[in-house]
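Structure record follows, encoded as structure tokens.
The values are calculated or read from the model by the stated rules, or taken from the named source; none is laboratory data. Note that the structure is a prediction, hence the values are computed from the model and not measured. As a convention, Cβ positions derive from the backbone with ideal geometry for all residues, glycine included, and neighbour counts pool all protein chains shown.
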Amino acid sequence: MVALIASTVALSSCEELAELCNIDEESLGFTEDYSKHFNSAVYIYQQADRAMRSTDLANNGVDTIDGALCSITADSIFMDYDALALGQKEGSIRLGYTGDYLVSGSTVGVRLKDYKDGDENYIGSLDILNTSVGNTPTFDIAIPLFVAGDLEFNGSMKASWNAGFETDKIEDDIFTIGGNADMIDNLSTVSYNGTILNPIEISGACAFTFVSGSLSITPSDPDLPFVTLDFIDGDCQNVFLATVDCDGNTLSFNYPIK
């Protein structure tokens, strides 16, 4: 059960909350699905970025990244998870690129092929454009398609790098994500419009990489509540705060990030 951590009304249990506002764990379950698939899409961007910046891959033609055997040509990179079978991932990530990734105007097309992470099968693509101006590496990230099961995720985001871009190590990577991203449940046909309110900070040093920032989610189903998610600032905490309105009262819950 999620933990109710703050409220302007006195409630002793989630059951009382459900009775008062018709809000329960099931009705807020979309927040966990949204954060999971948002995190997964950003993770694919991170691995593509690592491959594009790998000096070993550029100099030697091969490298191991995220447990995948990577090879490079003049315009493409192949990340093969099946070749080494080092972890829970299967399939491949395929990159097609133009220009020097470190220079403004370069592009990278990312495609998933038979990609599986644990029990989840993913179909998807990302398009990355270097829009850097000055000394801050900045990239537009378009997600036209990112599907797992019945859930489809798409969005238009911008990554702005704060640290770690000049090294091959993921552990020192720190960047923020802004923009918007929507999730569609193709089974129920309900859509969830997500807008980033405060840039989401991503830390490569954390297993659950969202360390701060907030976004809002607006469901197309009027029976579902408008929710604000706050990725709690702290030492890689595996939680986010979901805040909803209950008859004019603010209710907040802690959820684990999947």
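Quick notes
- Residue, surrounded by the most Cβ atoms within 10 Å (Cβ to Cβ), within segment 65-104, restricted to residues that are small (Gly, Ala, Ser) and in contact with a Ser or Thr (Cβ under 8 Å, 6 or more places away or on another chain): Ala68
- Set Phe231, Phe210: member being touching a Phe, Trp or Tyr at 6+ places or on another chain (Cβ under 7 Å) and closer than 24 Å to Met52 by Cβ: Phe210
- Note on segment 218-251: among residues that are buried (at least 16 other Cβ atoms within 10 Å of the Cβ) and over 19 Å from Ile200 (Cα atoms), the one that is modelled with the highest pLDDT is Pro219.
- Within segment 201-213, tally of residues that are surrounded by 19 or more Cβ atoms within 10 Å (Cβ to Cβ), among the hydroxyl-bearing types (Ser, Thr, Tyr) and in a strand (DSSP E or B): 1
- Among the residues listed as Val103, Val108, the single one being out of contact with any helix residue (DSSP H, G or I) (no Cβ under 8 Å at 6 or more places or on another chain) and at pLDDT 95 or above: Val103
- Leading residue by the ranking (surrounded by the most Cβ atoms within 10 Å (Cβ to Cβ)) among those in segment 161-175 that are over 21 Å from Leu129 (Cβ atoms), acidic (Asp, Glu) and under 19 Å from the mean Cα position of the chain (by Cα): Asp172
- Picking from residues in segment 176-200 that are assigned to a strand (DSSP E or B) and of a type in the set (Val, Ile, Thr), the one that is farthest from the chain's Cα centre (by Cα) is Ile184.
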